[in-house]
Protein chains: 2
Amino acid sequence: MLERFKVPEKNRVYVEVDSIRHVTEAIFRKQGLSAEEARISTDVLIINDLRGVESHGVSNGLRRYVSEYSSKNLNPRPNFKVVRETKTTMTVDADKALGIHVGPWAMEQAIKRAKDYGIGAVSVYNTGHLAGCGYYAMMAAEEDMIGHCMTAGGAYQTVPPFGSSPVMGTNPMAWAAPAKKMPPFLFDVATTQVANNKIGLAKRIGTTVLPGWITDLKGNPILEEIAAPETGSYHLLHIGGTRENGSHKGFGLALMNEIICNELSGFGPGPILRHHGGHFFQAYDIEAFTDLDDFKNNMDNLLEFIVNVPPIEGHERVIYPGLLEAEDYEKRVAEGIPYHEEVIEWFESYCNEVDIDCNFSIINK
Amino acid sequence: MLERFKVPEKNRVYVEVDSIRHVTEAIFRKQGLSAEEARISTDVLIINDLRGVESHGVSNGLRRYVSEYSSKNLNPRPNFKVVRETKTTMTVDADKALGIHVGPWAMEQAIKRAKDYGIGAVSVYNTGHLAGCGYYAMMAAEEDMIGHCMTAGGAYQTVPPFGSSPVMGTNPMAWAAPAKKMPPFLFDVATTQVANNKIGLAKRIGTTVLPGWITDLKGNPILEEIAAPETGSYHLLHIGGTRENGSHKGFGLALMNEIICNELSGFGPGPILRHHGGHFFQAYDIEAFTDLDDFKNNMDNLLEFIVNVPPIEGHERVIYPGLLEAEDYEKRVAEGIPYHEEVIEWFESYCNEVDIDCNFSIINK
């Protein structure tokens, strides 16, 4: 993430990983999830936080999920219904499960199919927020596969090139692939200039948004740097920003995502039906294509080649997607996860309200 | 394509489709291809030209291929060797076939596997230029599948964010999906701000390149509009252009492409081995996931919704990837394909040299 999205030093509270896991699991159990399902949902958020993807960790997600469970928009005890399947594919009605609840299960099904047949893919609809796609893609990478995940959640956030009103969500996507010695490739992005969550983060930490990231409410791109605006007072632009700078490419990626997550699953167009959007999980077994050991050696050589590219003046180094995430992971396991004090206050206040013991281990820096 | 890449009106020669097909097939036969294989290679280029993707039609491609055949870098009579296969996958050594020679065959193999097992994917290495990815993705869409194709060709063109030297090629990718009444979705792009071919096109027609499209030879992004530069005097930037504008997303997409086309195929890293790059072809059978008729109706509704979004002031309409391509196709079948007069001169000169009858039907406008 760009530096502007990090929690400012003065507001950081470093929390030891096991203790934030423990409290988050208790919160999910309080929503009605079983202990095992609470553990899995928590794992998605905490791993995101450990990887430095705090836009998709507990900070933004948890209070939203609690509110969706309490309004019965989410089902804590869903029965996943397989509505169609073949040797390599599966389409699932998730019975209003939260995305982070059904997602790990769905990627497991894709991995199983890939083990047996080379490739596996699972479409999921009637479900909630997925908290990014990286976690699921990495599940496959950890099984010596290439993982791919997309979600078409939340329509009406992004305007197409030259459009005056929003159509799709931020429609994120991820791919992951293992290496041997080098940290794995993990590419996990929204198909907008920035994820919507990041505008919220920027607002919370009082920073700006850059030219070409968002539009006014009439769809006109804002081409100067401005203070992060209020939710509801802007739309997002696709990757590229303006048409001359390639926003048709970001738009096309987002539309590919919409088609695969919503039309291929049979859920139907998100922009018309105004549903939460479907998810898509895919695994490619590396051994189905080539020798696994060769693959991993090639990955090491490729990724090493990239980090050895000399940087241009004024910059420290060249990185690849997944490298910072692996570095953040190591650091945060050792030093705790830096949350904004306001997030910790929410935890304490909510836990107090529903009678959960909120004894975080705070690490003094 | 942006208007700046179109052949200027004054230089256009409109050629009737069958006659350019006929001459192009003769040129491929002259390289040693069988009549049927010459027909298929020609079809890729002419369909690209008909769809308005002239950066990947006969204009830029043909003289390059002729030179590669004549220097024996390409094999006109290859034996495709399947080096590994499973129910859903296949890895192929193409025996130095041109990409447009092996590509249609490879996508057919992916489609066959998808018909039997839901998904099919074919990796191809030891091969030449693919002429974009859209043609192959559309082959699957025409069989009521979602098609996906990528190629990692031509390393050393693009610099990673903050890098001082080029690593990968333009690494293009395409997805296609059918609709019922609406023209199909066809998303076919390079993972750079612009394809390298387009800089050549811009040079030929005397136009400019925009800020954030390319770098100088030290990797510094050129942030003003300049005349299209000579080949060899610039590097390309990934989608986004600068890091603050999201070039890490374009870079990540390109690297995903490199990993799937070159590492998954066992070909090895393009940036290190300096090979031409592998290709990847994938088909998803829509019926494996959902009802085909529902899918197509949903596609119609989605695509209609998009073209009905009111445009912002100063713009005519909102489009989706594939719409202009379908419109160009109709128009060019009826009115001929507008080639630059310089391209026609090359045809005439080359045909004269190798004794091919070059009787184009020129359509007077």
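Details
- Exclusive hit being on the phi > 0 side of the Ramachandran plot and not assigned by TED's automatic domain parsing to the domain that holds residue B:213, set B:43, B:95, B:18: B:95
- Scan of the stretch B:242-273 for residues that are within 14 Å of residue A:303 (Cα to Cα) and not in a helix (DSSP H, G or I), ordered by number: B:268, B:269
- Of residues in the stretch A:217-242 being at the interface with chain B (Cβ under 8 Å from one of its Cβ atoms) and touching a Phe, Trp or Tyr at 6+ places or on another chain (Cβ under 9 Å), the one farthest from residue B:191 (Cα to Cα): A:219
- When residue B:141 is tested against (1) surrounded by 21 or more Cβ atoms within 10 Å (Cβ to Cβ); (2) facing chain A (nearest Cβ under 9 Å), just one condition goes unmet, and that condition is (2).
- Residue count, the stretch A:285-298 (criterion: crowded, with 23+ Cβ neighbours inside 10 Å and either more than 26 Å from the chain's Cα centre (by Cα) or facing chain B (nearest Cβ under 7 Å) (or both)): 5
- Boolean, residue A:208 is outside the structural domain of residue A:290 (by TED's automatic domain parsing) and at negative phi: yes
- When the test is whether a residue is touching a helix residue (DSSP H, G or I) at 6+ places or on another chain (Cβ under 6 Å), away from chain A (no Cβ under 11 Å) and aliphatic (A, V, I, L, M), residue B:201 passes it.
- Residues within the stretch A:345-360 that are at pLDDT 95 or above, hydrophobic (A, V, I, L, M, F, W, C) and within 26 Å of the chain's Cα centre (by Cα), tallied: 3
- The lone exception for residue B:133 - which of (1) touching a Lys or Arg at 6+ places or on another chain (Cβ under 6 Å); (2) within 27 Å of residue B:83 (Cβ to Cβ) it fails: (1)
- Residue under evaluation residue B:123, criteria (1) within 14 Å of another protein chain (Cβ to nearest Cβ); (2) over 17 Å from residue B:173 (Cβ atoms); (3) surrounded by 20 or more Cβ atoms within 10 Å (Cβ to Cβ), criterion not met: (2)
- You will find that of A:315, A:276, the residue that is assigned to a loop (DSSP other than H, G, I, E, B) and facing another protein chain (nearest Cβ under 7 Å) is A:315 and no other.
- Meets criteria (charged (D, E, K, R) and either within 30 Å of residue A:122 (Cβ to Cβ) or not in a loop (DSSP other than H, G, I, E, B) (or both)) for residue A:224: no
- Complete set of residues in the stretch B:87-120 that are surrounded by fewer than 24 Cβ atoms within 10 Å (Cβ to Cβ), part of a strand (DSSP E or B) and more than 14 Å from every other protein chain (Cβ to nearest Cβ): B:95, B:96
- Picking from residues in the stretch A:63-79 that are without any contact (Cβ under 8 Å) to a residue 40 or more places away in the chain and crowded, with 18+ Cβ neighbours inside 10 Å, the one that is nearest to the other protein chains (Cβ to nearest Cβ) is A:78.
For (1) surrounded by 15 or more Cβ atoms within 10 Å (Cβ to Cβ); (2) farther than 25 Å from residue A:133 by Cα; (3) among the polar types (S, T, N, Q); (4) not assigned by TED's automatic domain parsing to the domain that holds residue A:56, each residue gets a yes or a no:
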position	(1), (2), (3), (4)
A:302	yes, no, no, no
A:306	yes, no, no, no
A:311	yes, yes, no, no
A:316	no, yes, no, no
A:327	no, no, no, yes
A:330	no, no, no, yes
A:336	yes, no, no, yes
A:340	yes, no, no, yes
A:343	yes, no, no, yes
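- Subset of the stretch B:11-50 that is in a helix (DSSP H, G or I) and of a type in the set (Asp, Glu) - its residue that is surrounded by the fewest Cβ atoms within 10 Å (Cβ to Cβ): B:36
- Selection from the stretch A:256-271 of residues that are of a type in the set (A, V, I, L, M) and touching a helix residue (DSSP H, G or I) at 6+ places or on another chain (Cβ under 8 Å): A:259, A:264
- First in the stretch A:102-119 and among the small types (Gly, Ala, Ser), second anywhere and at pLDDT 95 or above and part of a helix (DSSP H, G or I), Cβ under 8 Å, 6 or more apart: A:103/A:44; A:103/A:135; A:103/A:136; A:106/A:136; A:110/A:140; A:114/A:140; A:114/A:288; A:118/A:288
- Subset of the stretch B:133-157 [modelled with pLDDT under 95 and not aliphatic (A, V, I, L, M)]: B:153, B:154, B:156, B:157
- Yes/no for residue B:266 being in contact (Cβ under 8 Å) with a residue 24 or more places away in the chain, out of contact with any His (no Cβ under 9 Å at 6 or more places or on another chain), at the interface with chain A (Cβ under 10 Å from one of its Cβ atoms) and within 19 Å of residue B:195 (Cβ to Cβ): no
- Selection from the stretch A:269-288 of residues that are free of Cβ contacts under 8 Å to residues at least 40 places away in the same chain and either of a type in the set (A, V, I, L, M, F, W, C) or more than 24 Å from residue B:287 (Cβ to Cβ) (or both): A:272, A:273
- Contact map, the stretch A:217-234: first residue on the phi > 0 side of the Ramachandran plot, second residue of a type in the set (A, V, I, L, M, F, W, C) and in a loop (DSSP other than H, G, I, E, B), Cβ cut-off under 7 Å, separation 6 or more or different chains; pairs are A:219/B:312.
- Scanning the stretch B:180-215 for residues that are in contact with a Lys or Arg (Cβ under 7 Å, 6 or more places away or on another chain) and either within 16 Å of residue A:239 (Cβ to Cβ) or among the small types (Gly, Ala, Ser) (or both) returns B:189, B:202.
- Filter pass, residue B:325 being closer than 21 Å to residue B:149 by Cα, in contact (Cβ under 8 Å) with a residue 60 or more places away in the chain and part of a helix (DSSP H, G or I): yes
- Check on residue B:177, touching a Lys or Arg at 6+ places or on another chain (Cβ under 8 Å) and within 13 Å of chain A (Cβ to nearest Cβ): no
- Against the criterion of being in contact with a Phe, Trp or Tyr (Cβ under 6 Å, 6 or more places away or on another chain), within 20 Å of residue A:167 (Cβ to Cβ) and surrounded by 23 or more Cβ atoms within 10 Å (Cβ to Cβ), residue A:214 qualifies.
The values are calculated or read from the model by the stated rules, or taken from the named source; none is laboratory data. Just so we're clear, the structure is a prediction, and the values are computed from it rather than from any experiment. Ideal geometry is used to build each Cβ from the backbone, glycine not excepted, and the neighbour counts take in all protein chains shown.
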